[in-house]
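The block underneath contains the structure these notes are about, expressed in structure tokens.
Every read-out reported here was derived from the displayed coordinates using simple, explicitly stated rules and does not represent laboratory data. Just so you know, these numbers come straight off a predicted model, no measurement behind them. Glycine also receives a Cβ, built like all others from the backbone with ideal geometry; neighbour counts cover every protein chain displayed.
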């Protein structure tokens with residue numbers, strides 16, 4: 001089977017930096033991605049890592065260590081609009097691509 | 001990124017009736033689409049992989065006879081919830097994918113069964 005673990009909730013203040021960790025166990029690992037979801041909305045893609053290292057996209061960065069089965073999402077210069085749920089998701093390739101989502105981390109950004 | 005639409009965006013139906021949800025890939029041909037369901041404040045649970053021109057692949061625990069999936073063209077996949085019951089009330093979201101990287105999600109369909 002497969003499993004993903006991420007913190008259920010994180011609180012931070014505007015302007016701060018926050019890191020959301022994700023550990024996973026799966027066969028056929030292909031890549032790790034991150035999605036943001038606001039209440040009532042659909043998930044939106046943030047980043048994707050297939051290889052070890054850091055990927056930076058504006059205020060958001062994502063890191064992957066395949067040997068440690070670990071990744072994180074880093075959000076910098078937090079804004080109130082960043083309050084949302086963040087999901088790490090593992091894409092597996094076991095005779096076809098499939099993406100499985102973690103339980104999600106609810107981020108609260110305070111003024 | 002690619003655009004995926006879903007219709008309807010919300011639906012209320014009576015227990016025992018069937019509901020069809022459409023998922024369209026508007027600007028690229030999707031040989032594979034995915035159906036997820038999400039209960040309030042929970043994660044997205046993969047229900048099935050919809051393959052164009054062939055049978056869908058269902059995840060363990062998902063009843064294929066209850067959740068009928070048809071992917072008759074490269075731009076349209078449909079999910080039919082048959083004989084819906086209140087416990088089927090959920091947010092149903094489809095997505096399409098390229099080479100296993102970014103997934104493009106539809107806006108979701110909120111189903112309420114009374």
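The figures follow:
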read-out	value
Check on residue B:55, over 19 Å from residue B:26 (Cβ atoms), within 13 Å of the chain's Cα centre (by Cα) and in a loop (DSSP other than H, G, I, E, B)	no
Qualifying residue in segment B:90-99 (condition: closer than 23 Å to residue A:34 by Cβ, under 13 Å from the mean Cα position of the chain (by Cα) and more than 14 Å from chain A (Cβ to nearest Cβ))	no
Residue in segment B:14-31 that is at the interface with chain A (Cβ under 9 Å from one of its Cβ atoms) and touching a residue at least 12 places away in the same chain (Cβ under 8 Å) present	no
Residues of segment A:88-111 classified as closer than 17 Å to residue A:20 by Cα and in contact with a helix residue (DSSP H, G or I) (Cβ under 8 Å, 6 or more places away or on another chain), total	2
Single residue of A:16, A:42 found to be under 30 Å from residue B:50 (Cβ atoms) and part of a loop (DSSP other than H, G, I, E, B)	A:42
Some residue of segment B:42-51 being under 24 Å from residue A:94 (Cβ atoms), outside any strand (DSSP E or B) and within 13 Å of another protein chain (Cβ to nearest Cβ)	yes
Which listed residue is under 10 Å from the mean Cα position of the chain (by Cα) and either assigned to a strand (DSSP E or B) or within 14 Å of chain B (Cβ to nearest Cβ) (or both), from A:107, A:74	A:74
Residue count for segment B:66-98, restricted to those that are part of a loop (DSSP other than H, G, I, E, B), in contact with a strand residue (DSSP E or B) (Cβ under 8 Å, 6 or more places away or on another chain) and surrounded by fewer than 21 Cβ atoms within 10 Å (Cβ to Cβ)	6
Within segment A:82-104, considering residues that are touching a strand residue (DSSP E or B) at 6+ places or on another chain (Cβ under 8 Å) and either away from chain B (no Cβ under 14 Å) or over 15 Å from residue A:32 (Cα atoms) (or both), the one surrounded by the fewest Cβ atoms within 10 Å (Cβ to Cβ)	A:96
